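Q: Pasting a structure below so you can have a look.
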Amino acid sequence: MSKKQPKLVLREHCVADVTRSWRPGTFFEAGAGTGHMSSLFLERGFCGVAHDLGKSSRDLMKTRFEGLGARMRVVDELGDISQASCDYLLAFEVLEHIEDDLSALSSWAAKLRPGGRVVISVPAHQRKFGRSDAMVGHVRRYERAQLRALLDAAGFVDVQLVNYGWPITELTRRVSNRLVAGREDAFEGLSPEQRSIRSAQTQPKVIDRILRYVGGAVFTPFAILQRAFYRWDLGDGIVATARRP
């Protein structure tokens, strides 16, 4: 079995850092994929509800969480989640797949109670857009000012942004783009939405083979090192937190 991708290890640590003070409550995770990030919040004592556009992803999550009962629900439609019913909104590596990101974020925000908090992660810096982005259905990467403006437009306040991943993701991104060169035909004919769903469940075989030998805990020291660079606009990803008034 392959290990976690380096960027996932770094993102997990960053999300844990910026949400460390959050008291357990009810979360809604949008675009939850296989439910990996939801499981990390469940381990911290939160309860939640998750949704993903892909039926196969929802089915995987339903199996994953079936023993948790009311602590964790997986819904087939966003309308199944009551408005203003959640304390927290989670959306990790989702907005970059959506053309109308403001409408999506605004619809998710409506599920938050007044005073509710949001944590979002997105890939950073449009100049870094490469083969790996296109393969998994990204339509953009974000600049800090662009993400702040998006959160402002969706009605959030107290926006805080940190960049994670520096310096190791400068290397891993370049390696990833080289590894997938010439393998784009595996995603040929798929829409960005379909590419997004597929990437949440699987990854190119060449990357999977490498991660069998290097990945996961190997990158934990870099997860600690990246903290020194959170305030600089350097890392390959952005994690944002904000509050609904």
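The values are calculated or read from the model by the stated rules, or taken from the named source; none is laboratory data. Model, not experiment: these values are computed from the prediction. All Cβ positions, glycine included, derive from the backbone under ideal geometry; neighbour counts span all protein chains shown.
Q: Quick check, is Glu66 of a type in the set (Asp, Glu) and within 25 Å of Asp152 (Cα to Cα)?
A: No; evaluated as a whole, the condition is false for this residue.
Q: Scan Gly216, Gly237 and give me the residue that is modelled with pLDDT under 55, under 18 Å from the mean Cα position of the chain (by Cα) and within 29 Å of Leu89 (Cβ to Cβ).
A: Gly216
Q: Next question. With Arg178, Arg198, Arg183, Arg209 as the choices, which residue is charged (D, E, K, R), crowded, with 17+ Cβ neighbours inside 10 Å and either modelled with pLDDT under 90 or touching a Leu at 6+ places or on another chain (Cβ under 6 Å) (or both)?
A: Within the list Arg178, Arg198, Arg183, Arg209, the selection yields Arg198.
Q: Here is a further query. For region 95-124, what are the residues that are in a helix (DSSP H, G or I) and in contact with a strand residue (DSSP E or B) (Cβ under 6 Å, 6 or more places away or on another chain)?
A: Leu95, Glu96, Trp108
Q: Pick from Arg11, Arg64: which is under 22 Å from Leu105 (Cα atoms) and either basic (Lys, Arg) or free of Cβ contacts under 8 Å to residues at least 60 places away in the same chain (or both)?
A: Arg11
Q: Scan region 19-53 for residues that are closer than 23 Å to Ser106 by Cα and among the aliphatic types (A, V, I, L, M) and jot them down.
A: Residues satisfying the conditions are Ala30, Ala32, Met37, Val49, Ala50, Leu53.
Q: Considering only region 99-106, I want to know if a residue exists there that is touching an Asp or Glu at 6+ places or on another chain (Cβ under 9 Å) and among the hydrophobic types (A, V, I, L, M, F, W, C).
A: The answer is no; no qualifying residue exists.
Q: Confirm whether Leu147 is in a helix (DSSP H, G or I), over 18 Å from Phe28 (Cβ atoms) and under 18 Å from the mean Cα position of the chain (by Cα).
A: The answer is yes for Leu147.
Q: Please find, within region 222-234, the residue that is nearest to the chain's Cα centre (by Cα) out of those that are modelled with pLDDT of 95 or more and aromatic (Phe, Trp, Tyr).
A: The qualifying residue nearest to the chain's Cα centre (by Cα) is Tyr230.
Q: Follow-up. Right, Gly189: within 14 Å of Val9 (Cα to Cα), surrounded by fewer than 18 Cβ atoms within 10 Å (Cβ to Cβ) and modelled with pLDDT under 65 or not?
A: No.
Q: Look at region 132-144 and say how many of its residues are in a loop (DSSP other than H, G, I, E, B) and of a type in the set (D, E, K, R).
A: Final tally of qualifying residues: 3.
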